[in-house]
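This report concerns only the one structure given below.
The values are calculated or read from the model by the stated rules, or taken from the named source; none is laboratory data. Just so it is clear, the structure is predicted and the values come from calculations on it, not from any experiment. Using ideal geometry, Cβ is built from the backbone for each residue, glycine included, and neighbour counts are taken over all protein chains shown. Side chains are part of the model used for accessible areas, which takes the heavy atoms of the whole protein and leaves out ligands, DNA and RNA. Shrake-Rupley method; radii C 1.70, N 1.55, O 1.52, S 1.80 Å.
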Amino acid sequence: MPDIITVSVQTGLDSFQDVLVKIERPSYNKPFLGGFRNVSTGVEFHNAGSQTKPKKRPDKGIQLFCKETQTVMEKNKPQQTRNTTSTQMTKIGLYVSNMTDKLITPGKYFTAEEYHKRRLEAVIVLQKYFRRWYAINVVQNLKEQRRLKLELEAQEELQKKKEKEDKLRREYEKKLNPKTKEDFELLYHDLELWMQEETERINRTFTGAERKAALCALLEEETQLIACIGMHKLDANVENQQKSILHLLEFYKLFLKCAQPKRWKAYDGRITEMDTKDSLRGKELLEIYQSISTKDIPKDERTSVLLTLKCTVEEHECTLTEEIVALIDREVDLMSRGVKECNLEGLRKRICTLFLQYIKIPEFNPRVAGLLKVPQDPLKLYKNVYFCHSCEKYLAPTEFLIPANSRTIGRCRSCYRLDNEARKREAYLKYRLILENLRKSEVDYQDDSKIVFLVQLPDLQYLIENVWNCQSALSACSDLYDLVMVRWDKQREWSPWNTILLTKEEADAHLKICNLQKTYEGPFIYRIEQKHIRAKNYFSQIPAMSSVLHRGNNQANANSYK
């Protein structure tokens, strides 16, 4: 049968009209709803309901369910009591006693409205008690949070107080027993502050000849204090020299670690160990040096140690080993003659010093090659050596303090330090700590920050003193030990025109800010931008900074154009 057929429909007595009928071929089997079959021809005729497409019900927007899910299946089941009982009523000829009967009177009738009202009141009572219980728990939680917060604030305050006391105690100990260059820098800075105060007091109190006499006495006292500081510096130099020797011997602590067998775990869990030739050599030299440095040992043991040292150095023939062997023979000869140990102390120190030089030679001790600052090859010194015009020495680049705005090498660190002690007497420790913390924080960002490593100590000092006035931008705190420099906009690289000076707590809170315009007020942002402009004008004169600045401006212009 075709998809479309033509059916002639009578519209009047003698009029007919052709109608096109489209045959729908459903994909499903039509249900049989009844019909009949012609017995003679065998043709089956179905009812009209099975031949037409079922009519769809209009969508009402409500999910409907079938009848079985909306009704409840009910079942009636009669039950019979176990004991059959009967009742007996009073009648003519029969008397039933009512002595044990109970009289039941009906109570007050409750309407549905009264019933629901009573339930509502009960619900209100339950809600009241529940809300009371819930409010008590909320208040207790708030009290507990407040208590924990107060305890945390008290601990932080105690920690800050303890840190401040420890800092003051360390500073006092450094000034009382100076050991390092920073300690003497603090001493000279305090001496300068004391001199300024005394000079102001003398100028304010005395006049004429009395003033000159007081200034002369002050100068004499300053000279004595400088001499005292010089004596402490000599003692510290002797101690630091001993520490430098011990620091060199830390190479052999490394050797001891390296002398420990290399270990690795096999697939079956067993550990395999292996010794190396260089590590064993370093351990051997360390043991010999410790033995010859030991004092108050018997003559037999000292002789045995010297013979071991002699056998060790005789493996290599050179001027140094010949001198060591000659000194060893001399000490053995003097001990055999009964010379006192106090008279041999200088000879033994000389042997230790020469053996220390022996240890530093990579040909005799291969492990020391990568640990020495000065390379053994003289040709390597010609590449990175600069001349200090002040002390007239050729030094490595690391010995020069080169500011970012410097165009020449200038003086070395020792000359800068000597000039500072003689004239300005400034303490750079606080600025050095701020710069170290800043570089550590920039490394943690891991975004290839470069400008922070171009900035040197004098540049940071100018930035803190002249731009930020040595105080926090928020709280005006002037204690440099509590101040840090962080990014103003943490999405951009740190630079002198993208920084802010804050306390540690303020810096932690500032770095959590996502939108600076919404957090800070307009006048504060304007004041910070003015400081950034001052810093940009100063550092734009530096060639390395100017190239970075121009690159940042071009990138900003490109982003704004986009």
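Overall dimensions of the stretch 274-372, expressed as equivalent-ellipsoid semi-axes from the Cα gyration tensor (√(5λ), whole Å, largest first), are 25, 14, 12. When the accessible area of the stretch 438-560 is split by element with a 1.4 Å probe, what percent falls to carbon and sulfur? Roughly 48 percent of what the probe reaches on the stretch 438-560 is carbon or sulfur. Per residue, the average separation of C-alpha pairs within less than 8 Å and at least 6 apart gives the stretch 274-372 a relative contact order of 32 percent. Each peptide in 163-174, 450-461 gets a packing score, the mean of other Cβ atoms within 10 Å over its residues, and the list from highest to lowest is 450-461, 163-174.
So how much slack lies between Asp101 and Tyr172, counting 0.36 nm per residue of separation and subtracting their Cα-Cα distance, in nm? Mind showing how you got there, number by number?
Working: separation 71, 0.36 × 71 = 25.56 nm, distance 10.51 nm.
Taking 0.36 nm per residue and subtracting the Cα distance, the gain is 15.1 nm.
Using only side-chain charges placed at the Cβ, +1 for Lys and Arg and -1 for Asp and Glu, the dipole size of the stretch 97-196 relative to its Cα centre rounds to 780 debye.
When the charge dipole of the stretch 274-372 is built from unit charges on Cβ atoms (+1 for Lys and Arg, -1 for Asp and Glu) and taken about the Cα centre, the candidate among Gly346, Ser336, Ile361 whose Cα reaches farthest toward its positive end is Gly346. Close amide-amide hydrogen proximity is noted between Lys393 and Cys388, each under 5 Å apart and 5 or more residues distant or on a separate chain (H modeled in the peptide plane; Pro and chain starts excluded).
Report the far tail of the P(r) of the stretch 438-560, meaning the percent of Cα-Cα pairs longer than 21 Å. More than 21 Å apart: 37 percent of the Cα pairs in the stretch 438-560.
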